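The values are calculated or read from the model by the stated rules, or taken from the named source; none is laboratory data. Owing to the predicted nature of the structure, the values given are computational and were not obtained by experimental measurement. Ideal geometry is used to build each Cβ from the backbone, glycine not excepted, and the neighbour counts take in all protein chains shown.
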Amino acid sequence: MISFSNTTKSAAAWIYTAALAFLATSAAAQDGPSFDCAKAESSVEELLCDDPALAALDRRLATTYAAAQAAASGLDAGAEDAAADLRAMQRGWIKGRDECWKAADLADCVRASYEMRAGQLTALWMLEDPVETVFWQCGNSPADELVTMRFTAEIPTLRLERGDTVAYAVQSPGSSVFYGDFGVTLTLEDGSAVLEMPQGTETRCTPR
């Protein structure tokens with residue numbers, strides 16, 4: 001499990017909050033994205049340079065990513081590896097974002113990509129306080145505990161903690177199903193949840 005010290009959490013949250021405040025006051029002075037539009041290399045980057053609303057999403061994500069980098073660098077153990085993994089994941093996300101050129105609606109695809117990535121980073125790196133935390137018992141063993149934390153985001157996002165595993169999951173529009181990384185699925189039902197793991201095993205969880 002990712003191990004945060006209280007100091008790391010506070011520092012990351014402070015950086016994130018301060019940077020967002022700075023963005024709010026400087027928005028009028030900077031309408032473009034976080035990168036140099038003279039060096040735009042893809043149709044997606046060109047769109048970001050032409051669309052002020054999408055450019056604002058890019059600037060906001062740059063701030064969120066910087067806060068995640070600060071959190072990774074401040075981990076109690078494994079900070080260097082965590083920071084390297086974060087950079088690799090961000091490069092992978094950029095490649096995936098640029099695949100939006102294949103979408104029927106380029107702008108909608110890019111917008112969804114940014115909103116989902118912002119939610120992922122916020123949940124994985126605890127950049128904000130969760131609006132709801134639920135403790136679940138999965139299966140028949142009291143020791144098998146699942147913790148879900150819900151974060152405010154354009155796309156509803158959960159942080160999942162089970163044993164030493166931390167994952168995120170985003171809600172499928174119009175449903176109670178959250179799809180996570182590495183094939184994890186969480187379905188919220190009346191008074192319970194069904195956790196499905198990548199290998200196909202399902203476990204019913206009830207709130208404590």
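Here are a few things to note about the model shown:
Every residue, every condition in (1) farther than 20 Å from E161 by Cα; (2) out of contact with any Cys (no Cβ under 7 Å at 6 or more places or on another chain); (3) in the same structural domain as Y179 (by TED's automatic domain parsing); (4) hydrophobic (A, V, I, L, M, F, W, C), yes or no:
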site	(1), (2), (3), (4)
T63	yes, yes, no, no
A72	no, yes, no, yes
E80	yes, yes, no, no
A107	yes, yes, no, yes
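- Whether a residue is within 23 Å of the chain's Cα centre (by Cα) and acidic (D, E) was assessed, and E202 does not pass this test.
- Per the listing A62, A71, A66, the residue uniquely within 14 Å of the chain's Cα centre (by Cα), surrounded by 20 or more Cβ atoms within 10 Å (Cβ to Cβ) and part of a helix (DSSP H, G or I) is A71.
- Looking across region 38-56, the residues that are surrounded by 19 or more Cβ atoms within 10 Å (Cβ to Cβ) and either farther than 14 Å from L106 by Cβ or of a type in the set (V, I, T) (or both) come down to V44, A55.
- For region 84-105, the candidate set comprises residues that are within 20 Å of E128 (Cβ to Cβ) and either in contact with a helix residue (DSSP H, G or I) (Cβ under 7 Å, 6 or more places away or on another chain) or outside the structural domain of F35 (by TED's automatic domain parsing) (or both); within that set, the residue that is surrounded by the fewest Cβ atoms within 10 Å (Cβ to Cβ) is Q90.
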